[in-house]
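Values in this text are rule-based calculations from the coordinates and carry no lab data. Note that the structure is a prediction, hence the values are computed from the model and not measured. Every residue, glycine as well, gets a Cβ built from its backbone with ideal geometry; the counts of neighbours run over all protein chains shown.
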Amino acid sequence: MVATLDSKVSEDEYANLLVQRDYLKERRKESVYEFDRQVLALSAGALGLSIGFLGNYAPHPRPDSLWLLIVAWGGFVVAVVATTLSFFASAQAFRWQIAELDEAYKEKRQPRGKNRWGRWTRGLTRLGAVAFCVGVAFLALFAMVNLYPN
């Protein structure tokens with residue numbers, strides 16, 4: 001049963017909503033973790049594959065296209081570093097939140113809601129994803145320029 005604005009939610013319905021909310025929070029956490037793992041693996045893999053591509057398919061790339069490769073590699077390196085740092089920031093966010101909950105319990109107060117490590121985690125995850133996309137785009141341009149020069 002879905003509660004409308006003018007109806008009351010029973011205790012059982014509210015308990016069910018909390019269970020559903022906890023389930024969704026856990027799935028979201030797993031999803032973000034998996035996303036970070038994939039960005040890290042794909043970025044490192046793309047960096048390695050692009051080095052192999054350079055040696056096998058474009059051993060003498062056009063000099064005017066090297067900047068595309070440099071931007072692509074830069075994107076992949078930034079993605080790897082940002083994603084690795086997001087794992088660290090995430091661990092720090094959990095550590096801070098646990099300490100804050102412990103302290104709030106001891107002091108019999110509400111926990112503070114500002115967890116700067118959470119903001120860092122979100123920012124680094126986004127940076128890693130954008131940098132990965134930049135790396136893929138510029139690597140594709142580099143490949144097109146060198147495989148199909150006309």
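Brief remarks on what is shown
- Stokes-Einstein translational diffusion, the chain - Kirkwood Rh over all Cα pairs, 1.306 mPa s, 10 °C, in µm²/s: 84 µm²/s
- Relative contact order of the chain, taken over Cα pairs closer than 8 Å and 6 or more residues apart, is 32 percent.
- Dipole of the range 11-147, positive end: most advanced residue of Ala140, Val80, Val32 [Cβ charges, Cα centre]: Val80
- Residues in the range 26-35 carry Karplus couplings, in order, of 5, 5, 4, 4, 5, 5, 5, 4, 5, 4 Hz; the curve used is 6.51 cos²θ - 1.76 cosθ + 1.60 with θ = phi - 60°, and Gly or Pro positions show x.
- About its Cα centre, the dipole of the chain is roughly 440 debye, where the only charges are +1 on Lys and Arg Cβ and -1 on Asp and Glu Cβ.
- Taking each DSSP H run with n ≥ 4 as -39500 (n - 2.57) and averaging over every residue of the chain yields -29500 deg cm²/dmol at 222 nm.
- Phi angles across the range 135-147 convert, under the Karplus curve 6.51 cos²θ - 1.76 cosθ + 1.60 with θ = phi - 60°, into 3J(HN,Hα) values of x, 4, 4, 6, 5, 5, 4, 4, 5, 5, 5, 8, 8 Hz, Gly and Pro given as x.
- Along the range 101-117 the Karplus relation, 6.51 cos²θ - 1.76 cosθ + 1.60 evaluated at θ = phi - 60°, assigns HN-Hα couplings of 5, 4, 5, 4, 5, 5, 8, 6, 9, 6, x, 6, x, 8, 10, 4, 5 Hz to successive residues, with x for each Gly and Pro.
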